[in-house]
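Undergrad: Submitted below is the structure of interest, expressed as structure tokens.
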Amino acid sequence: MICLIKHAMAAMMPRSAELPGILDTDIDGFLRRMHEDADALYWTGLVMGAVVYAISPLLTVFVPLPSFLLPAKLRALHTERLLSHPLYLLRQAGYLVRLSAGMCWGADPTVRATFALAPYPADPGTFRTS
């Protein structure tokens, strides 16, 4: 499932000439920590969002292939259309993946340096809900 989540996140937050993409961050470490720390309902939603992203190109770009088999331009169009789809549940599934990717991306020291921000200090691990 981690690979599927990474695929969806990478499609939603690609690298540009000015900014690093999600794959330039420690996404593997982030997802491991999230799997350990997140509530089971949130993690299930993230996995389901990645699954929806993978299987929904038929609804967005009208191609009966999973998203990981689409060419880059069609995958970008699929991402754009999924995140603005009229069906609320499809749109929200994509936004849950994008929200999680944004948390990883925004906390990365390289990304923060791009915006002239200091890196976050190490997580003390003192606040836990369970």
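Readers should treat all values here as calculations from the given coordinates under stated rules, not as data from a laboratory. All values reported here derive from a predicted model rather than from experimental measurement. We place every Cβ from the backbone using ideal geometry, glycine too, and count neighbours over all the protein chains shown.
Undergrad: List the residue ranges in the chain for DSSP H helices whose C-alpha atoms run 27 angstrom or more along the long axis and whose Kyte-Doolittle average is -1.0 or above.
TA: 88-107
Undergrad: A further question follows. Identify the GluC sites (Glu not before Pro) of segment 1-108 meeting these criteria: DSSP loop state and at most 13 other C-beta atoms within 10 Å of the C-beta.
TA: Those satisfying the criteria are GLU18.
Undergrad: Longest span of the chain, sites excluded, free of chymotrypsin sites (Phe, Trp or Tyr not before Pro) in DSSP loop with at most 12 other C-beta atoms within 10 Å?
TA: No qualifying site falls inside 1-61, the longest such stretch.
Undergrad: Whole number please: convex hull volume per residue, Cα atoms of the chain, in Å³.
TA: Measuring per residue, one finds 111 Å³ for the Cα hull of the chain.
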